[in-house]
Amino acid sequence: MEIKGADIVLKCLRAEGVELVFGYPGGAIMPLYDALEGSGVRHILTRHEQGAVFAAEGYARVTGEVGVAMATSGPGATNLVTGIADAKMDSVPLVCITGQVRSALIGTDAFQETDVFGVTLSLTKWSRLVRTIDEIPAAIAEGFYWARSGRPGPVVIDIPTDMLKAKKEFSGPVKFTPHARAADAKADGGFTDTIVALLQKSSKPVALVGAGAKLSGAIPELRRLLDDLSIPTFATVHGLGAVPPEAPYYLGMVGMHGTRAANTALNETDLLFVFGARLDDRVTGEPTRFAPHAKIVHFEIDPAQLDRVRPCELSVIGNLADTIPAFQAELRRHSLPDFSGWRAVACGPERAELDPRGLAQPTIRFLDELFSRLPENSVVIADVGQHQMWAAQRYRSSSPRGFITSGGLGAMGFALPAAVGVQLAKPDTCVLCVSGDGGFQMNIQELATVRRLGLPVKMVIVDNKYLGMVRQWQQLFYQRNYAETDLSDNPDFVEIAKAYKIHSFRLNEDAMREFPVSTETGDEIDRFLRSTEPELLVFDCAPEANVFPMVPAGAALSEMLLEEEPAQ
Amino acid sequence: MQTFHIRYRNTQGTLMRILNAASRRALDLPVVHAEPSEHDHLVTLALEVNQKQVGQLYREWYGIADVIKVSSGAAQAPAWTTAHPPAGVAMEDARAAARA
């Protein structure tokens, strides 16, 4: 029997295990929307295509499965671009299906025509502009393969509207078999004795854990290995949760806003193990002075990430699920030097992460209070800015997918729509979305999606009435010239939420000046976190609160600022 | 100037992704020659690169789904010294041809 191209798309999505797609309809993709009912694919309508792609990312980030976003041609598709770039940077498996103008109009600058294939070429792992209805099953199978395989990433499949309307016999979804490539070479196991030899010569080894540890699914293997090694260990922002925060060798986050202990250990180490991290500039500081005394052993699935910052002594290419057990098996056949003295120094109390004055800062007290009251296995989604770094510093999740943020791209407006995707994937989990007042307004329209679906997302705005992180840089490095970062004319977020029929309330800093907080404040936070309805909490934050420690741009990690310089 | 040979399956966008790896690093592309080769395609590029960029380019090219193999030849002089013919000349030629 002949069926339409749109039906073929949906059948192929089902064959890939897709149950949920996020999108926004429009002209060229109307045939696909027309076919949705009864297809077995549930569509979540967001209120902007960027909301759809971030929601799909949230879904993918918390489940590890492919997130799917749909949009129409032209502006619909270009509104996906930020999310596609975000997925590329943070290795998120994502498939975007875009409608395109009909085949005969392609290249004519037709209404709502954009060269989406061209626009997204450098942001995608793989993409396809479908030319005939016959190509649809293979395009979807190959697209999902590349989205999931190796280092996951985004894929775009652009389908002209006449291909969605056309009919053909459909014999079923196809399977994609990749061709052999030289790039698929993997570590052969010979690396293990080299690593052990490096360890035996080392006196100050450390381990750095990145997102690759989560993506590989090798968390149990990694944790066993780290327990065996018991060397000072820290994580990138996407590696948070991979190592239990209570592990005696764990030092927290490393990098620009990393802990003093982590950055100091990284500066002193003579042997650095990197597990699934691409070592971007937010992690390394000034690259030429990154881990200046260290030999580097880099475990990585994506060869493109090796030797990017500086050459490694040893690169171990492959999935951590394969390479870590091989390393551990070799390790257990040898005796290692006693690293306990080094560990005691690196993890010692004299390297405590924050100045006590910093810990007393009301916003940090507020976040500590909030996080300490979260139910087990909650997921925290942070937007981008100061609150993101405070949350990364203070939320101590032992769940590998318990903290989600736009780390590589740093896309403001990410958190609220991503929280929609996370809550849909985890309906029984407490999902806490922490935003700033700037970022929240970038996708504030998704309050309508939250309300429409009745999702019990808990939203917090840390409202300092500034673009806080930019303002912090202006304060520290641009002589307090607060150019265009003043948001003191923000709307009343509590009233806005009410307009969306979302319960909302405000807490101010004074509530956090008491320690411990009053029973009333504590009860209010508990009620908020346990509500079965969406809720918004606006926390009024001091306008000039800053995030410390901080490594200035272009400085080495050893040059981190621990607190503000006293006023002159 | 260093010569690179990249064997690839000639699928949509693959050649553009190969070239983009160079252009995103602000490298000029004075020599680009692509042609069918056995069952695949081969593109030869001559690029002015430093050692660090060579490593980055190799790894990025290998990250492209339909790239099969990357190799490099000896350093060589570019086939021509100017990167592109001046646009004005080409336009003038076109106008002259139209007038004729």
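Numerical summary
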item: Qualifying residue in segment A:70-84 (condition: closer than 18 Å to A:Ala15 by Cα and in the same structural domain as A:Gly27 (by TED's automatic domain parsing)); result: yes
item: Criterion: closer than 25 Å to A:Val119 by Cα and within 14 Å of chain A (Cβ to nearest Cβ) - qualifying residue of B:Leu15, B:Leu29; result: B:Leu15
item: Members of segment B:40-68 found to be touching a residue at least 40 places away in the same chain (Cβ under 8 Å) and not acidic (Asp, Glu), listed by number; result: B:Thr44, B:Leu45, B:Ala46, B:Leu47, B:Val49, B:Val54, B:Leu57, B:Trp61, B:Ile64, B:Ala65, B:Val67, B:Ile68
item: Single condition B:Ser71 does not satisfy, out of (1) touching a Phe, Trp or Tyr at 6+ places or on another chain (Cβ under 9 Å); (2) within 13 Å of chain A (Cβ to nearest Cβ); (3) surrounded by 15 or more Cβ atoms within 10 Å (Cβ to Cβ); result: (3)
item: Matching residues in segment B:42-57 - criterion: being more than 11 Å from chain A (Cβ to nearest Cβ) and buried (at least 20 other Cβ atoms within 10 Å of the Cβ); result: B:Val43, B:Leu45, B:Ala46, B:Leu47, B:Val49
item: Matching strands (runs of 3 or more DSSP E) fully within segment A:23-103 where at least 2 residues are under 23 Å from the mean Cα position of the chain (by Cα) and closer than 19 Å to A:Val450 by Cα; result: A:42-45, A:67-71
item: Residue within segment A:199-209 that is in contact with a Pro (Cβ under 6 Å, 6 or more places away or on another chain), under 26 Å from A:Thr63 (Cβ atoms) and at pLDDT 95 or above present; result: no
item: Residue satisfying condition, being modelled with pLDDT of 95 or more and either assigned to a helix (DSSP H, G or I) or away from chain A (no Cβ under 14 Å) (or both), within set B:Glu35, B:Glu60, B:Glu92; result: B:Glu35
item: Single match in A:Val119, A:Val101, A:Val155, A:Val196 (criterion: in contact with a His (Cβ under 9 Å, 6 or more places away or on another chain) and among the hydrophobic types (A, V, I, L, M, F, W, C)); result: A:Val196
item: Pair list, Cβ < 8 Å and 6+ apart or interchain, from segment A:279-308 residues that are within 11 Å of chain B (Cβ to nearest Cβ) to residues that are crowded, with 17+ Cβ neighbours inside 10 Å and of a type in the set (Phe, Trp, Tyr); result: A:Pro303/B:Tyr62; A:Ala304/B:Tyr62
item: Residue match in segment A:274-286 (condition: over 26 Å from the mean Cα position of the chain (by Cα) and more than 25 Å from A:Phe403 (Cβ to Cβ)); result: no
item: Any hit, segment A:249-257, residues being part of a strand (DSSP E or B), more than 28 Å from A:Gln472 (Cα to Cα), touching a strand residue (DSSP E or B) at 6+ places or on another chain (Cβ under 9 Å) and at pLDDT 95 or above; result: yes
item: Qualifying position, being outside the structural domain of A:Leu374 (by TED's automatic domain parsing), in contact (Cβ under 8 Å) with a residue 12 or more places away in the chain, on the phi < 0 side of the Ramachandran plot and surrounded by fewer than 16 Cβ atoms within 10 Å (Cβ to Cβ), among A:Leu476, A:Leu562; result: A:Leu562
item: The one condition in (1) under 22 Å from A:Val309 (Cα atoms); (2) loosely packed, with under 15 Cβ neighbours inside 10 Å; (3) at pLDDT 95 or above that B:Asn20 fails to fulfil; result: (2)
item: Residue that is nearest to A:Pro93 (Cα to Cα), among those in segment A:20-47 that are out of contact with any strand residue (DSSP E or B) (no Cβ under 6 Å at 6 or more places or on another chain) and among the charged types (D, E, K, R); result: A:Arg47
item: Qualifying residue in segment A:207-229 (condition: part of a loop (DSSP other than H, G, I, E, B), under 21 Å from A:Arg351 (Cβ atoms) and over 17 Å from the mean Cα position of the chain (by Cα)); result: no
item: Of the criteria (1) in a strand (DSSP E or B); (2) touching a Phe, Trp or Tyr at 6+ places or on another chain (Cβ under 7 Å); (3) among the hydrophobic types (A, V, I, L, M, F, W, C), which one B:Phe4 fails; result: (2)
item: All positions within segment A:281-301 that are surrounded by fewer than 19 Cβ atoms within 10 Å (Cβ to Cβ) and part of a loop (DSSP other than H, G, I, E, B); result: A:Glu286, A:Pro292, A:His293
item: Hey, A:Val316 touching a helix residue (DSSP H, G or I) at 6+ places or on another chain (Cβ under 6 Å), assigned by TED's automatic domain parsing to the domain that holds A:Ile296 and not charged (D, E, K, R) or not; result: yes
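Table: residues versus (1) in contact with a strand residue (DSSP E or B) (Cβ under 6 Å, 6 or more places away or on another chain); (2) facing chain B (nearest Cβ under 10 Å); (3) in contact (Cβ under 8 Å) with a residue 40 or more places away in the chain.
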site: A:Val92; (1), (2), (3): no, no, yes
site: A:Asp115; (1), (2), (3): no, no, no
site: A:Thr124; (1), (2), (3): yes, yes, yes
site: A:Ser127; (1), (2), (3): yes, yes, no
site: A:Lys167; (1), (2), (3): yes, no, yes
site: A:His179; (1), (2), (3): no, yes, no
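Condition check ((1) surrounded by 18 or more Cβ atoms within 10 Å (Cβ to Cβ); (2) more than 14 Å from chain B (Cβ to nearest Cβ); (3) over 27 Å from A:Gly172 (Cβ atoms); (4) without any contact (Cβ under 8 Å) to a residue 60 or more places away in the chain) across all residues:
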{"residue": "A:Ala56", "(1), (2), (3), (4)": "yes, yes, no, no"}
{"residue": "A:Asn79", "(1), (2), (3), (4)": "yes, yes, yes, yes"}
{"residue": "A:Thr82", "(1), (2), (3), (4)": "yes, yes, yes, no"}
{"residue": "A:Asp109", "(1), (2), (3), (4)": "no, yes, yes, yes"}
{"residue": "A:Thr132", "(1), (2), (3), (4)": "no, no, no, yes"}
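The values are calculated or read from the model by the stated rules, or taken from the named source; none is laboratory data. These figures come from a predicted structure and were not determined experimentally. Positions of Cβ are generated from backbone atoms using ideal geometry, with glycine treated the same way; all protein chains shown enter the neighbour counts.
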